[in-house]
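Enquirer: One structure, pasted below without further comment.
Read-outs throughout are calculated quantities, based only on the coordinates presented, and are distinct from any laboratory measurement. All values derive from a computational prediction rather than experimental measurement. Cβ placement follows ideal geometry from the backbone for every residue including glycine, while neighbour counts extend to all protein chains displayed.
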Ligand code: URA
């Protein structure tokens, strides 16, 4: 990122974007995190009340940051909109930008294999999304202001899907969702919380393609996630019994 994230958020009066808010907080800052001001002067998009279709349409038409000028198309997300599992990556790459679907390149093939290893399949009780909905040119790291502009979309997506478990893939997704600068090494292996939803951190599939030795650790993370999900599903079954 080109600017320290906290600074960008403070500058735009959008802190805390990723932290849960208490009901006692005033309406003004709460709404500020749910609106997106587009680059077209005066246009404010309020995503807080949108349903999935409206949200997808807003993302596809979004011109809130300069990525709108370089993308082929925005990549909203893919899968079961009532999924228990939500996997979150960083941003679309070249292939995703071309096809309009997350994780369809080389990293996506590995992700599909990782899912298969724990008996999951893209689209079946699984939803896949990214922190950024548009491809950064030349696959550069996302800029802080791009994250700030895009954050309300993922926040609303999570509210609508209401997954039982979020898996943040890679340092960037983990840090954005958990509002931290901690290393991925220190975030793995723990059960975190995103606005009341359990969250687990693992390596990004693209990283694993380059660092084969860490695949064993990713497997540990997946087994941990599967265990947590089984517990969560058992708890939900107990409550509804
Ligand atoms: N990397 C990501 O983080 N997301 C994609 O959709 C593809 C590659």
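Enquirer: Where does each of 185-198, 140-153, 217-230 land if you order them by average Cβ count within 10 Å, highest first? Each step should come with its number before you reach the end.
Expert: On the way: 185-198: 14.4, 140-153: 20.9, 217-230: 16.4.
Top of the packing list down: 140-153, 217-230, 185-198.
Enquirer: Now for a separate question. Enter the Cα centre distance for the pair the range 36-93 and the range 195-241, rounded to the nearest angstrom.
Expert: Cα centroid to Cα centroid, the span is 25 Å.
Enquirer: Which of the peptides 209-215, 57-63 is most tightly packed, and how do the rest follow, judged by the mean count of other Cβ atoms within 10 Å per residue?
Expert: 57-63, 209-215
Enquirer: Still on this structure, I have one more. Any idea how far the Cα center of the range 101-115 sits from the one of the range 116-174, in Å?
Expert: First find each Cα centre; the distance between them is then 13 Å.
Enquirer: Can you tell me how the range 87-187 classifies by the Cα gyration tensor, rounded, prolate or oblate, using a/c under 1.5 as the rounded cut?
Expert: rounded
Enquirer: Sticking with this one: Please work out whether the range 52-129 counts as rounded, prolate or oblate from its C-alpha gyration tensor, where a ≥ b ≥ c are the square roots of the eigenvalues and a/c under 1.5 means rounded, while otherwise a/b larger than b/c means prolate and anything else oblate?
Expert: In terms of gyration-tensor shape, oblate.
Enquirer: Largest first, please: the extent of the C-alpha atoms of the range 21-240 along each principal axis, to the nearest Å.
Expert: The principal-axis extents, from largest down, are 49, 43, 31 Å.
Enquirer: In whole percent, what relative contact order does the range 21-240 give with Cα contacts below 8 Å and a gap of six or more residues?
Expert: RCO, the range 21-240: 20 percent.
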